[in-house]
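The values are calculated or read from the model by the stated rules, or taken from the named source; none is laboratory data. Please read all numbers here as calculations on a predicted model, not as lab measurements. Note that we place each Cβ from the backbone using ideal geometry, even for glycine, and neighbour counts take in every protein chain shown. Just so you know, the surface numbers come from the protein's heavy atoms only, side chains and all, with ligands and any DNA or RNA stripped out. Shrake-Rupley method; radii C 1.70, N 1.55, O 1.52, S 1.80 Å.
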Amino acid sequence: MQLNGGIPNSLRNISSLNEEILINFAKNYEGDWHFLPAPSFVDTPFIASAMKQDSKINEIFTLMDEAQIVIFSVGTINKDAMAVKSGYFTEE
């Protein structure tokens, strides 16, 4: 399952690539796939808490809690990272 959401202010659409990676990984290991329909970053803790109460988002978080093995990558960390280009982080 997808462990973090997307970057809504991204300068290019990478969601299809993320979906493709998740689906191919699940297919190769004969598993199911689940997307997290939420942004990675929101403006306040209140918004994050409210989003987690949504039934579809809460379903994914419940599955995360039940996972026995997790593979996660932080991705690229440099000036070209989508989180930097989108304004969530600075290069520094």
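Of everything in the range 64-83, what is under 12 Å from residue 1 (Cα atoms), over 15 Å from the mean Cα position of the chain (by Cα), open to solvent by 50 Å² or more (accessible area, probe 1.4 Å) and among the hydrophobic types (A, V, I, L, M, F, W, C)? Give them in sequence order.
Answer for the range 64-83, where residues must be under 12 Å from residue 1 (Cα atoms), over 15 Å from the mean Cα position of the chain (by Cα), open to solvent by 50 Å² or more (accessible area, probe 1.4 Å) and among the hydrophobic types (A, V, I, L, M, F, W, C): just 69.
Which one of the conditions (1) within 14 Å of the chain's Cα centre (by Cα); (2) surrounded by 11 or more Cβ atoms within 10 Å (Cβ to Cβ) does residue 25 fail to meet, given that it meets all the rest?
Only one criterion is unmet by residue 25, namely (1).
Quick check on my filter: what residues within the range 33-63 are of a type in the set (A, V, I, L, M), assigned to a helix (DSSP H, G or I) and more than 12 Å from the chain's Cα centre (by Cα)? Step through it out loud before you land on a result.
If we filter the range 33-63 for residues that are of a type in the set (A, V, I, L, M), which is where we start, we get 36, 38, 42, 47-48, 50-51, 57, 60, 63.
In the following step, the residues that additionally are assigned to a helix (DSSP H, G or I) were identified as 47-48, 50-51, 57, 60, 63.
Across the range 33-63, the qualifying residues are 47, 48, 50, 51, 63.
What residue, among those in the range 64-78 that are without any contact (Cβ under 8 Å) to a residue 60 or more places away in the chain and assigned to a helix (DSSP H, G or I), is nearest to residue 89 (Cα to Cα)? Talk me through it step by step, then tell me what you get.
Step one: of the range 64-78, the residues without any contact (Cβ under 8 Å) to a residue 60 or more places away in the chain are 65-66, 68-69, 71, 73-78.
Still in the list and also assigned to a helix (DSSP H, G or I): 65-66.
Details: 65: 28, 66: 31 Å.
Going through the qualifying residues, I end up with 65.
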